[in-house]
Amino acid sequence: MKFAFLNLHTLFYTRGCGQFSEVYIHKKDYREAMKISVRDRENYLKNMESADAIEPGTITIAQEMRNDKKPDFCFMKEGDIFNLGDKELEIIEMPGHTAGSVCILDRKDKVLFSGDNVNDIELLCAPAQDRWRLLEDWHCIGERIFSQKDAFEICGGGHGLISIEKALDTLDCGKKILKGKIQAEKQKIHFFEGPFYRYKKIYLYNGSFDELHNGR
């Protein structure tokens, strides 16, 4: 049986994809995928574990699987369909968290794999000269996806299931930012520190990863 790994976005913690011979990513995440090391992933996991943001023992699993092997990267894009025989997976581009972030829609089982695109702690860290435009585009695509009310009933996020209501709150947070109704305040969330916007129980950051980790 042949396996292929569909990577919804590429950041520090995706170095483990070297277990697979073939990994699909968006081409805008390729450069990031090529420079990530095992050390990056382990440092990130240590920070996550210290903030109680992941299950205890996760770092031990990562260390046991320690290797810097890189798979063969293949590119996927908006509208691509992966035929699994009894179902199809549809790729929907949603840049914001990273430049190449995507969602994967399974219309048969009514599941949207949203990755880190609509989390309750949403980090819009894709490189952008115009961060306001990035936020506008992310929000516009999100509203288009979640307007398909009959297409999915479950939203599978990158860190667990997300209720549709909470995902909509995340998009509403973006809308209120764009309308100037809420302002960012410097806060520490887990081990992140930077200017976060807050709406209900949603926190949204729009800036670079380096600034977020340096607490600027």
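The values are calculated or read from the model by the stated rules, or taken from the named source; none is laboratory data. What you see is a predicted model; the values in this text were computed from it and never measured. Heads up, the Cβs are rebuilt from the backbone with ideal geometry, glycines too, and the neighbour counts pull from every protein chain shown. Keep in mind that these areas ignore ligands, DNA and RNA; they rest on the heavy atoms of the full protein, side chains included. Shrake-Rupley method; radii C 1.70, N 1.55, O 1.52, S 1.80 Å.
Annotations for the structure displayed:
- Residue check for Ile177: open to solvent by 50 Å² or more (accessible area, probe 1.4 Å), touching a residue at least 40 places away in the same chain (Cβ under 8 Å) and in contact with a Leu (Cβ under 8 Å, 6 or more places away or on another chain): no
- Residue in segment 112-133 that is under 17 Å from Pro195 (Cβ atoms) and of a type in the set (Gly, Ala, Ser) present: yes
- Segment 28-71: number of residues that are under 20 Å from Ala126 (Cα atoms), at pLDDT below 75 and among the aliphatic types (A, V, I, L, M): 1
- Scan segment 203-216 for residues that are under 18 Å from the mean Cα position of the chain (by Cα), farther than 12 Å from Leu123 by Cβ and open to solvent by less than 30 Å² (accessible area, probe 1.4 Å) and the total you get is 0.
- Filter result for the condition that a residue is in contact (Cβ under 8 Å) with a residue 24 or more places away in the chain and open to solvent by less than 70 Å² (accessible area, probe 1.4 Å), over Ala151, Ala184: Ala151
- Within segment 73-85, one or more residues are free of Cβ contacts under 8 Å to residues at least 60 places away in the same chain, open to solvent by 70 Å² or more (accessible area, probe 1.4 Å) and of a type in the set (S, T, N, Q).
- Being among the small types (Gly, Ala, Ser) and over 18 Å from the mean Cα position of the chain (by Cα) is true of Gly194.
- Screening segment 91-140 for residues that are free of Cβ contacts under 8 Å to residues at least 60 places away in the same chain and at positive phi and picking the one that is least open to solvent (accessible area, probe 1.4 Å) gives Gly96.
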